[in-house]
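Report on the following structure.
We did not get these values from a lab; they are worked out from the coordinates using the rules stated. Nothing here was measured: the structure is a model prediction, and the numbers come from that model. As a convention, Cβ positions derive from the backbone with ideal geometry for all residues, glycine included, and neighbour counts pool all protein chains shown.
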Ligand SMILES: *Cc1c(COP(=O)(O)O)cnc(C)c1O
């Protein structure tokens, strides 16, 4: 099928919910993708932070293949070894308590919201259900997680939304404190806002939020759907902020490409969701957990994580060295970087980069977002940089 034929059928049969680029991808190797016409792209997106081991990692491919041949799915009414292994690895690496498996980021955040509300309900009775999130955040696309998202443009069309969310300005402790009242049960945040523009939180602010949560018995929910699984150079970003959250959610990179999400709760609240109060048909299947175990076996490693930090620093330094008038800065951590460009120019620049053969994302109003596979090589980074330079410097 030609690109034009595929495009015509896509328009006919697939809901047009995405502003897709005019490219149909076909196969990949390392951090390089090819489209159906044979054109080559260096990938600095990993899907959207998903394919953290690139596109043909032998450990991941073998783990999935072997598990599919052995047992792909059983219901959550039975135990399987891969699921227990994934939970054990996550808990051991973080000093958290227990894990619930979901299938996506939004669903993991839904689970976290349910857990926080039930924690409060069990302890204080009804009415203490409010959750404070931050302005400019992104927490998902379900009715509830859209409302948890602190951007009013998402609070449209689908009324009525779930009640009980309020939004505080990131980094503004007074604003946050003014939103917390005796009906509040949790504070939820990303430590580096991803969709919002690759915006890191101030560490001092995060520490004070943690103490405020302890003081008022609010659960601190850290949304690590994008920042987790090695993306920022530590297994979870919260480990760089010297905090111990009550709930951590994750998804994107966890399965290296298969759909898996998870809610991880600390020892103080990991028994709140009891039999019958939360469930999922697909969550934590042996297939997706075999993938997650393969991913974690590679990423949950000090040397691998320090390489992520080194490659991130290298990429940042080389981009700043373009010395382009279009580049106002590079922010983020590890291999989650935002190139800051003049407001409104990020989309056009991203399209140009993609056309030239480097896949990038945008975020917020002024960021070109880079989330390359964590396994990207220096050769692949150099190839991407060589393509990027003339786009920023001509
Ligand atoms: C992508 C993302 C989500 C939503 O994840 P889905 O898998 O698309 O539901 C939630 N929170 C953050 C921080 C994200 O980056």
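Within segment 103-123, residues that are without any contact (Cβ under 8 Å) to a residue 60 or more places away in the chain reach partners that are away from the ligand (no atom under 15 Å from the Cβ) with beta carbons closer than 8 Å, at six or more positions or on different chains, in the pairs 121/128; 121/129.
Name the one entry in 277, 227, 249 that is touching a strand residue (DSSP E or B) at 6+ places or on another chain (Cβ under 6 Å), in contact (Cβ under 8 Å) with a residue 24 or more places away in the chain, assigned to a loop (DSSP other than H, G, I, E, B) and within 20 Å of residue 107 (Cβ to Cβ). Full working, then the answer.
Working: 277 fails: touching a strand residue (DSSP E or B) at 6+ places or on another chain (Cβ under 6 Å); 249 fails: assigned to a loop (DSSP other than H, G, I, E, B).
Selected residue: 227, the only one of 277, 227, 249 that is touching a strand residue (DSSP E or B) at 6+ places or on another chain (Cβ under 6 Å), in contact (Cβ under 8 Å) with a residue 24 or more places away in the chain, assigned to a loop (DSSP other than H, G, I, E, B) and within 20 Å of residue 107 (Cβ to Cβ).
Do we find that residue 363 is closer than 25 Å to residue 240 by Cβ, crowded, with 19+ Cβ neighbours inside 10 Å and touching a helix residue (DSSP H, G or I) at 6+ places or on another chain (Cβ under 7 Å) in this structure? It would help to see each step written out before you state the result.
On the way: closer than 25 Å to residue 240 by Cβ: yes; crowded, with 19+ Cβ neighbours inside 10 Å: yes; touching a helix residue (DSSP H, G or I) at 6+ places or on another chain (Cβ under 7 Å): no.
No, not satisfied.
Could you please find all residues in segment 252-274 being crowded, with 24+ Cβ neighbours inside 10 Å, under 15 Å from the mean Cα position of the chain (by Cα), on the phi < 0 side of the Ramachandran plot and not in a helix (DSSP H, G or I)? Within segment 252-274, 260, 261, 262, 263, 264 qualify. Might you check whether a residue that is within 13 Å of the ligand (Cβ to nearest atom) and more than 18 Å from residue 119 (Cα to Cα) occurs anywhere in segment 243-251? Among the residues of segment 243-251, at least one is within 13 Å of the ligand (Cβ to nearest atom) and more than 18 Å from residue 119 (Cα to Cα), which makes the answer yes.
Could you identify the single residue in 71, 6, 33 that is surrounded by 11 or more Cβ atoms within 10 Å (Cβ to Cβ) and within 25 Å of the chain's Cα centre (by Cα)? Explain how you work it out, then say what you get.
On the way: 71 fails: within 25 Å of the chain's Cα centre (by Cα); 6 fails: within 25 Å of the chain's Cα centre (by Cα).
Answer to the check: 33.
Can you find, within segment 167-196, the residue that is farthest from residue 155 (Cα to Cα) among those that are away from the ligand (no atom under 12 Å from the Cβ) and in a loop (DSSP other than H, G, I, E, B)? Only one residue tops the list, namely 182.
Kindly indicate whether any position in segment 309-332 is under 18 Å from the mean Cα position of the chain (by Cα) and in a strand (DSSP E or B). Looking through segment 309-332, at least one residue is under 18 Å from the mean Cα position of the chain (by Cα) and in a strand (DSSP E or B). Against the criterion of being within 16 Å of the ligand (Cβ to nearest atom) and either in a helix (DSSP H, G or I) or farther than 26 Å from residue 377 by Cα (or both), residue 304 does not qualify. The single residue among 95, 70, 85 that is touching a residue at least 60 places away in the same chain (Cβ under 8 Å), touching a helix residue (DSSP H, G or I) at 6+ places or on another chain (Cβ under 7 Å) and more than 16 Å from the ligand (Cβ to nearest atom) turns out to be 85.
Scanning segment 104-157 for residues that are surrounded by fewer than 20 Cβ atoms within 10 Å (Cβ to Cβ), assigned to a helix (DSSP H, G or I) and more than 14 Å from the ligand (Cβ to nearest atom) yields a count of 8.
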